[in-house]
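Trainee: Below: one structure in structure tokens.
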Ligand code: NAI
Ligand code: MG
């Protein structure tokens with residue numbers, strides 16, 4: 001068993017004030033991987049104070065973007081140097097297949113590199129002249145770091161979600177406190193280690209592992225936090241927004257989804273099968289943007305479903321460290337219980353369980369679940385309306401474009417959507433009609449850190465990644481000058 005019993009605060013590893021720990025488990029065999037430090041309000045306060053002091057002394061925010069980029073690149077190199085080690089740690093903590101964990105860690109490093117580039121560009125584009133209609137005045141709009149940022153992240157892409165928040169915050173010149181999920185805290189603690197080894201100045205990044213109510217809540221309520229960025233469930237997101245309201249903190253939220261995938265009957269069957277399966281079963285369906293509602297046009301339905309079942313049956317389930325495994329175990333017991341009880345409820349509410357729904361044969365330990373397919377799902381059925389966050393896809397038939405768009409948009413979520421057809425004009429038309437922040441054409445899920453990420457409606461507020469993600473951590477200031485020798489003329493006439 002490894003030991004991660006310290007918190008990273010102000011550039012040193014410290015015991016939590018109450019000496020608390022919690023255990024993180026490997027969902028493949030239910031074994032304990034590590035004892036982890038459990039922060040409470042006292043520790044969170046120290047971490048926020050460290051970030052506050054570091055921000056207020058201007059030594060980090062006062063660096064040029066190019067100077068901060070040096071640290072971001074060193075962190076990226078530190079991540080790349082340990083890529084397979086970190087990927088394996090992610091597999092043990094989360095259960096995902098090793099190859100997918102390698103993508104995650106690769107993207108984690110790539111995110112730091114991209115924000116290093118954007119930090120450098122900030123030195124040139126961080127100040128914009130504003131054209132004014134009065135020639136006696138001139139004005140510039142400048143970008144400045146937002147202050148102390150807090151990041152609270154989930155368990156489905158542990159290190160990548162840390163990077164999506166830490167990299168833009170540091171690029172912008174913020175200092176920060178990161179709280180990883182108690183379900184998968186290990187790679188965030190490794191990130192602190194890598195940052196430390198990279199020579200990142202003390203106090204710039206603080207990492208406090210701990211439980212949601214004990215560590216996350218005091219962080220989201222802390223008056224010295226200026227900006228809070230959260231990814232996770234809708235109820236927790238709503239709670240964080242309420243906590244942030246008291247001090248008018250700037251909030252960005254990336255919450256759940258119930259994303260539709262519309263397949264028109266001119267689609268290539270093999271391509272449709274591949275993207276439907278990837279869209280819901282990669283990362284065991286524990287993906288906020290998973291295309292969990294599939295709408296298939298009636299002309300292609302029977303042929304497509306036959307091929308889909310054939311390929312679903314071939315998906316290899318097992319320990320993510322085994323070669324060839326495409327679906328690992330769900331992340332923990334409570335997620336397994338949540339997903340399986342939703343499957344039972346869906347069947348009771350009238351959806352037809354066509355495939356899966358059960359623990360696969362041959363596993364007596366671990367939170368394994370078969371890939372699961374529901375068809376003929378009524379549109380008020382909970383498996384159609386609620387986020388399951390597991391390997392469960394709901395499929396329906398549709399007859400025309402208008403119906404597909406109407407059914408797709410009939411959701412309280414609006415994170416993502418996908419459309420497949422050989423008619424590119426139709427794809428583009430439908431893409432513009434979907435009420436969602438991310439739309440894929442002729443694919444589902446590929447994510448680039450350059451493009452904006454986030455949702456409409458209950459799927460959240462704000463956008464991460466690219467320049468949009470950087471702007472989350474920047475304030476905009478106007479500086480306006482009066483350049484005339486003439487009196488203003490209010491009383492001197
Ligand atoms: P959660 O939203 O409760 O947890 C996410 C993060 O928030 C964790 O770091 C947690 O410690 C923290 N947190 C929990 N309570 C908090 C509070 N009162 N104040 C501040 N921070 C708090 O999600 P959880 O319980 O891990 O998973 C539950 C469901 O959430 C899943 O079944 C899934 O439906 C959804 N989910 C959505 C994700 C997404 O990417 N949109 C990611 C993970 C889960
Ligand atoms: Mg774990």
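The values are calculated or read from the model by the stated rules, or taken from the named source; none is laboratory data. Model, not experiment: these values are computed from the prediction. For neighbour counting, all protein chains shown are included, and Cβ atoms are generated from backbone atoms with ideal geometry for every residue, glycine included.
Trainee: If we scan region 211-226, do we find a residue that is in contact (Cβ under 8 Å) with a residue 12 or more places away in the chain, in a loop (DSSP other than H, G, I, E, B), surrounded by 22 or more Cβ atoms within 10 Å (Cβ to Cβ) and within 16 Å of ligand 2 (Cβ to nearest atom)?
Mentor: No; the residues of region 211-226 include none that is in contact (Cβ under 8 Å) with a residue 12 or more places away in the chain, in a loop (DSSP other than H, G, I, E, B), surrounded by 22 or more Cβ atoms within 10 Å (Cβ to Cβ) and within 16 Å of ligand 2 (Cβ to nearest atom).
Trainee: Restricting attention to region 199-210, report how many residues are within 16 Å of ligand 2 (Cβ to nearest atom) and surrounded by fewer than 23 Cβ atoms within 10 Å (Cβ to Cβ). Explain how you work it out, then say what you get.
Mentor: Going through region 199-210, the residues within 16 Å of ligand 2 (Cβ to nearest atom) turn out to be 209-210.
Within this subset, residues satisfying the condition of being surrounded by fewer than 23 Cβ atoms within 10 Å (Cβ to Cβ) are none.
Qualifying residue count, region 199-210: 0.
Trainee: For the structure I just gave you, tell me whether residue 252 is out of contact with any helix residue (DSSP H, G or I) (no Cβ under 8 Å at 6 or more places or on another chain) and outside any helix (DSSP H, G or I).
Mentor: Considered against the rule, which asks whether it is out of contact with any helix residue (DSSP H, G or I) (no Cβ under 8 Å at 6 or more places or on another chain) and outside any helix (DSSP H, G or I), residue 252 comes out as yes.
Trainee: Moving to a separate point now. With respect to residue 247, is the statement that it is touching a helix residue (DSSP H, G or I) at 6+ places or on another chain (Cβ under 7 Å) and surrounded by fewer than 24 Cβ atoms within 10 Å (Cβ to Cβ) true?
Mentor: Numbers: touching a helix residue (DSSP H, G or I) at 6+ places or on another chain (Cβ under 7 Å): no; surrounded by fewer than 24 Cβ atoms within 10 Å (Cβ to Cβ): yes.
In short, no.
Trainee: May I ask you to say which residue of 334, 408 is buried (at least 19 other Cβ atoms within 10 Å of the Cβ) and not in a strand (DSSP E or B)?
Mentor: That would be 408, the only listed residue that is buried (at least 19 other Cβ atoms within 10 Å of the Cβ) and not in a strand (DSSP E or B).
Trainee: Pick from 131, 81, 149, 141: which is at pLDDT 95 or above, in the same structural domain as residue 218 (by TED's automatic domain parsing) and surrounded by 24 or more Cβ atoms within 10 Å (Cβ to Cβ)?
Mentor: That would be 149, the only listed residue that is at pLDDT 95 or above, in the same structural domain as residue 218 (by TED's automatic domain parsing) and surrounded by 24 or more Cβ atoms within 10 Å (Cβ to Cβ).
Trainee: Turning to a different aspect of this structure: When region 170-205 is examined, which residues are found to be within 16 Å of ligand 1 (Cβ to nearest atom) and either assigned to a strand (DSSP E or B) or outside the structural domain of residue 472 (by TED's automatic domain parsing) (or both)? Walk me through it before giving the result.
Mentor: Step one: list which residues in region 170-205 are within 16 Å of ligand 1 (Cβ to nearest atom), which gives 176-189, 191-192.
176, 177, 178, 179, listed by residue number.
Trainee: Oh, and also: State yes or no: is residue 329 touching a residue at least 40 places away in the same chain (Cβ under 8 Å), more than 18 Å from residue 294 (Cβ to Cβ) and out of contact with any strand residue (DSSP E or B) (no Cβ under 6 Å at 6 or more places or on another chain)?
Mentor: Values: touching a residue at least 40 places away in the same chain (Cβ under 8 Å): yes; more than 18 Å from residue 294 (Cβ to Cβ): yes; out of contact with any strand residue (DSSP E or B) (no Cβ under 6 Å at 6 or more places or on another chain): yes.
Against the criterion (touching a residue at least 40 places away in the same chain (Cβ under 8 Å), more than 18 Å from residue 294 (Cβ to Cβ) and out of contact with any strand residue (DSSP E or B) (no Cβ under 6 Å at 6 or more places or on another chain)), residue 329 qualifies.
Trainee: Looking only at region 228-242, count how many residues are in contact with a helix residue (DSSP H, G or I) (Cβ under 8 Å, 6 or more places away or on another chain) and more than 7 Å from ligand 1 (Cβ to nearest atom).
Mentor: 2
Trainee: Can you tell which of 47, 37, 81, 66 is in contact with a helix residue (DSSP H, G or I) (Cβ under 9 Å, 6 or more places away or on another chain), within 16 Å of ligand 1 (Cβ to nearest atom) and within 30 Å of residue 121 (Cα to Cα)?
Mentor: 47 is the lone residue from the list that is in contact with a helix residue (DSSP H, G or I) (Cβ under 9 Å, 6 or more places away or on another chain), within 16 Å of ligand 1 (Cβ to nearest atom) and within 30 Å of residue 121 (Cα to Cα).
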